[in-house]
Amino acid sequence: MKNNKVVQALIGGILGLACAVITIMVMYPNSFFSSKDEESTAIEDDFYANINNDIIENHELESDKEYWSLLFTETQDNVDDKVKGIVKEIISKKDTYQVGTDEYKICKLYESTVNQENSIKKLDTYIESIDNSKNINELMNNLAKIDKELSLGIFINSALQNDYKDNTQTIVMVAPFSFDYGNIYSDYYTNPLYSSYVATYIEYDREIFKLYGYSDEEAKESVRKISRFYTEIAKNSKPMEELTEVQSFYNIVTKNELKDIYSNINIDTFLNYSNQYDISIVDEKQARSLNSYLTMENLETLKECIKLQILQNYGKYADIEYYNLMNELEAKLTGTDITKDTIEDYAVDVIALYFDTEISQEYIKKYANDNSINEFKQIINDIIAEYKIKMRNNDWLSEKTKQKALLKLENMKVNVGYPDKWEDNSQKYDLNDNLLDNIINMNRVNVEFANNSIINKEKYWMMSPLTVNAYYNPQDNSINFPIALLDYELYNESNSYYQNLGSFGSIIAHEITHAFDNNGALFDENGNMNNWWQEEDYKKFEQLQKEVINYYNEYKINGKAVNGKQTVGENIADLGGVSCVIDIAKRKGATKEDLKEMFKSYANIWASKSTEEYTKLLLIMDTHSPDKVRVNAVLSSIDEFYNTFDIQESDGMYKEKRIKVW
């Protein structure tokens, strides 16, 4: 399968939203390249295109790839090749391992994936229980059992979560309703921009039902009912823009209030936790709309929806035909040919996902470079120190708010490379020759582990060390940089200080800035949602946010406007990140040539190429601005950029109004 988190979010995913939504990442790959943009690629008119033109032109986008990125896919491909080598080395010695060891289990999972048996009969058992449900109570009782066994969240999707306002406490988060393929965004069914994607979903929903044994007419009728159901729920749901705001997720209700919201069912059946916890419901209006649909007159529609979601989530592990169908869907959504990956490649991906701890540890033994990690930590220390100076010199914060911001920086946790404590879920995996059985078992173990970690206040990384990405976690005030990120070819000891400052320095500063973006700024130094702002300061901050939104709204890609509100958090982080490394460079006495190196290095990390379909897809659903905008919009607000490259009022990069928050 393609290693693409944005696409995966579109066509798959079950639990974990409530926990993951406030983990603010620097880089979902948000690729962009089009020859339709400005004709001039002179450095003063289009800095991104000028600096990256040769890099982009010299890279041919493979027909089965929706994007290519100098930082993301180049680096991730290098890491994945090393992972593949590790897995193959383990598999090559399969006859030497004792039963029950991690290596033995890895070989079991590999063989069950490569020799995928037809396990659809196991899914038949779940689907038959839905078909045989005679009323809503029976249906929902059967659904609750299925949700628990398959680790799903059909209709009612709940998970344990650290309390936003007191992270020493645990709450139950009732996440938004999941539509097709794990998608939580109601905009797909209410906004005409998404109509083509919904049409594609509908097309493949019919194919899924037909593959299961429905006639063409039966499939069409079932999907028609489901689509109408989704549309009705979507009309009463929070839009995507609101779901990008962390405060939207925190709405505490009592158990009795939750029972009133879900008055047509026994909600206790779906909250199967040993203790009584406070409850936060993300979208009460949506939940009430769903509740109104949970009636006898809609029984058949609800049954078809449940069956479809079971097949969407687990069909690909039960029969290779469903796996192939998912690949076709992904290709159609992203404008690519069907993936050329073999079933062996797929098996490696499955192993890397479920045995991440074991594979990561082997990767670290073979490839981790302590010098690079220590150098990276030194850059982080420099940037945090500079951020403290920025806060002290801030001209729009009061002294009281400055002191709170400095306290947050002082208490910021820094994690580089890999965790100090590893997850050990594989010890509880009970694997056999059947892939579907194995996936169900491992998912259940992982969900139990996640819940126990929340209950026991154990801290684990929220991202694999083998992922080329980075994130800020407001709930423990930490910045996190996986070891895979340091595999980037433009980060090495032969680069100048200013090259590394422009690339990795800006990424680090971006993550630090997330502590003070529209979401991160709501959390204090201990990771609790707590208003540490003076009232007038926060009003000014809100005004600056509006200016950022309006500024980015003016940028267009292929004639389509960037959504400034949807991307505001990432844009604040981009602007603040580059502003910070500029201050560091100036403090170190950087020359004009040093600054040129730094600006060019910053542009290089966003060099990318993508299909037109993928560009459009990201533009309307991603919380990051397109890569070209991440370069040009940011630099057009930096005075030092104008001075370094002699940007004049008549130039394309010139902006009369320059935006700055931090």
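A few points about this structure:
- Of all residue pairs spaced 6 or more apart or on separate chains, those with beta-carbon atoms under 8 Å, a first member in the range 45-59 that is open to solvent by 40 Å² or more (accessible area, probe 1.4 Å) and a second member that is part of a helix (DSSP H, G or I) are I55/N604.
- Test: residue in the range 274-289 that is modelled with pLDDT of 95 or more and among the aromatic types (F, W, Y): no
- Single residue of the range 486-501 satisfying the filter (out of contact with any Asp or Glu (no Cβ under 7 Å at 6 or more places or on another chain) and modelled with pLDDT of 85 or more) that is nearest to L70 (Cα to Cα): D487
- Subset of the range 246-276 [surrounded by fewer than 17 Cβ atoms within 10 Å (Cβ to Cβ), in a loop (DSSP other than H, G, I, E, B) and of a type in the set (V, I, T)]: T254
- Test: F72 is in contact with a Pro (Cβ under 6 Å, 6 or more places away or on another chain) and closer than 30 Å to D639 by Cβ: yes
- Residue check, N381 of a type outside the set (D, E) and in contact with a Ser or Thr (Cβ under 9 Å, 6 or more places away or on another chain): no
- Taking the criterion of being over 18 Å from F179 (Cα atoms), touching a residue at least 60 places away in the same chain (Cβ under 8 Å) and either open to solvent by 10 Å² or more (accessible area, probe 1.4 Å) or of a type in the set (G, A, S) (or both), the residues of the range 134-158 that qualify are N135, I136, N137, N141, K148, E149.
- Tally, over the range 591-623, of residues that are in a loop (DSSP other than H, G, I, E, B) and touching a Lys or Arg at 6+ places or on another chain (Cβ under 7 Å): 1
- Which listed residue is open to solvent by less than 60 Å² (accessible area, probe 1.4 Å), of a type in the set (S, T, Y) and not in a helix (DSSP H, G or I), from Y197, Y214: Y214
- So V79, is it farther than 30 Å from E640 by Cα, of a type in the set (A, V, I, L, M, F, W, C) and open to solvent by less than 30 Å² (accessible area, probe 1.4 Å): yes
- Of all residues making up the range 315-355, the number that are in a helix (DSSP H, G or I) and under 30 Å from S195 (Cβ atoms): 16
- Within the set E74, E111, the sole residue that is over 21 Å from D356 (Cβ atoms) and either touching a residue at least 24 places away in the same chain (Cβ under 8 Å) or outside any helix (DSSP H, G or I) (or both) turns out to be E74.
- Subset tally (residues that are in a loop (DSSP other than H, G, I, E, B), among the polar types (S, T, N, Q) and over 22 Å from the mean Cα position of the chain (by Cα)) for the range 529-570: 4
- Here I306 clears all of (1) aliphatic (A, V, I, L, M); (2) closer than 27 Å to I454 by Cα; (3) within 29 Å of the chain's Cα centre (by Cα) except the condition numbered (2).
- Matching residues, the range 130-159, being touching a strand residue (DSSP E or B) at 6+ places or on another chain (Cβ under 9 Å) and either of a type in the set (V, I, T) or part of a loop (DSSP other than H, G, I, E, B) (or both): G153, I156
- Selected residue [open to solvent by less than 20 Å² (accessible area, probe 1.4 Å), within 29 Å of T170 (Cα to Cα) and under 22 Å from the mean Cα position of the chain (by Cα)] from L290, L243, L329: L243
- In the range 489-508, the residue that is nearest to the chain's Cα centre (by Cα) out of those that are of a type in the set (F, W, Y) and crowded, with 22+ Cβ neighbours inside 10 Å is F504.
- The range 612-624 - residue that is open to solvent by less than 10 Å² (accessible area, probe 1.4 Å) and in contact with a helix residue (DSSP H, G or I) (Cβ under 6 Å, 6 or more places away or on another chain) and, of those, nearest to N53 (Cα to Cα): Y614
- Residue that is nearest to the chain's Cα centre (by Cα) [pool: residues in the range 201-232 that are hydroxyl-bearing (S, T, Y) and closer than 18 Å to Y185 by Cα]: Y201
- Annotation: of all residues in the range 555-570 being in contact (Cβ under 8 Å) with a residue 40 or more places away in the chain and touching a Leu at 6+ places or on another chain (Cβ under 9 Å), the one that is most open to solvent (accessible area, probe 1.4 Å) is K560.
- Pick from the range 571-590, criterion in contact with a Phe, Trp or Tyr (Cβ under 9 Å, 6 or more places away or on another chain) and outside any helix (DSSP H, G or I), ranking: most open to solvent (accessible area, probe 1.4 Å): K588
- Among the residues of the range 378-409, the one identified as of a type in the set (F, W, Y) and within 18 Å of Q545 (Cβ to Cβ) is W396.
The values are calculated or read from the model by the stated rules, or taken from the named source; none is laboratory data. Quantities reported herein were computed from a predicted structural model and do not represent experimental measurements. With ideal geometry, Cβ positions are generated from the backbone for all residues, glycine too; neighbour counts draw on all protein chains shown. With ligands, DNA and RNA removed, areas are computed over all heavy atoms of the protein, side chains included. Shrake-Rupley method; radii C 1.70, N 1.55, O 1.52, S 1.80 Å.
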